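Engineer: Encoded as structure tokens, here's the structure I'll be asking about.
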Amino acid sequence: MYNPREAQEDFRIHTIFLFVAFVVIAFVFLKIASENGVTYIYLKYYGVETNAEVIDATPVDDDLWPGASFDKRPRYSKYEFEYGDDEGRTFRNFLILPPEYVDGEQTQLHEVGELLAVIYSEEKPEIFLPLSFFHRKRMDANILITSILVIAGFSFLTFRKIVSYTRFRNRARYY
């Protein structure tokens, strides 16, 4: 038999579980996008553009990519960059970057001795990105900000629903 009180209680419990599920999903997206998103936001506001020279370009070891077939696996390369600031200090860092594909063939992204534009932080020069990759990180920053807003909003709604549910249960005792 249909009981309206039980239906109200079930609705409130299901809403709480749904809100908690949204918060958990947002935490997963937050974890995935956090590193690249924070780097993008940091370099966007505190970054300085300069030119860097490619010092070394070596393919990444096969041991890092187990289980993939040799023909289908992209050959990532480790690039070492050297760049400097206006005060004459030089910095040396490395990145592991994916390959480029030209007409279906895999080519190396940068050659040794090549100059390319990079953006780096004056305060923390170890945080840097080539400008060609910098703009690709914007989506991660958008996901990061959206995840934070979703977590804040749904956490607030979940708290309100839990308070509403406890009040409902306290009033149900008197019937």
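Engineer: Students often forget the sequence filter, so: which lysines lie under 27 Å Cα-Cα from Lys124 once same-chain residues fewer than 8 apart are removed?
Structural biologist: Candidates past the 8-residue exclusion: Lys31, Lys44, Lys78, Lys137.
Engineer: Hey, with R₀ at 30 Å, roughly what FRET efficiency would Val112 and Tyr42 work out to, going by the Cβ-Cβ distance, to 0.05? Could the numbers behind the result be given before it?
Structural biologist: Working: r = 29 Å, r/R0 = 0.95.
With a Förster radius of 30 Å, E is 0.55.
Engineer: Taking neighbour Cβ counts within 10 Å as the exposure measure, how do Lys31, Lys78 sort from fewest upward? All intermediate terms of the calculation are to be shown ahead of the outcome.
Structural biologist: Working: Lys31 11, Lys78 14.
Fewest to most other Cβ atoms nearby, the residues stand as Lys31, Lys78.
Engineer: Sticking with this structure for a sec: Could I have the simple spin-label model distance between Lys78 and Arg138, label points 7 Å from Cα toward Cβ, reported in nm to one decimal?
Structural biologist: A separation of 3.2 nm, rounded to one decimal place.
Engineer: Turning to a different aspect of this structure: Multiply the residue gap between Ala152 and Phe27 by 0.36 nm, knock off their C-alpha separation, and tell me the result in nm, one decimal place.
Structural biologist: On the way: separation 125, 0.36 × 125 = 45.00 nm, distance 1.07 nm.
Fully extending the segment from Ala152 to Phe27 adds 43.9 nm.
Engineer: On to the next question. According to a simple spin-label model (label point 7 Å from Cα along Cα-to-Cβ), what is the distance in nm between Thr90 and Arg160?
Structural biologist: Each label point is offset 7 Å from its Cα along the Cβ direction, giving 5.9 nm.
No lab work stands behind these numbers, since they all come straight from the coordinates. In this text, all values refer to a predicted model and were calculated from it rather than measured experimentally. Neighbour counts are summed over all protein chains in view; Cβ atoms, including those assigned to glycine, are modelled from backbone coordinates with ideal geometry.
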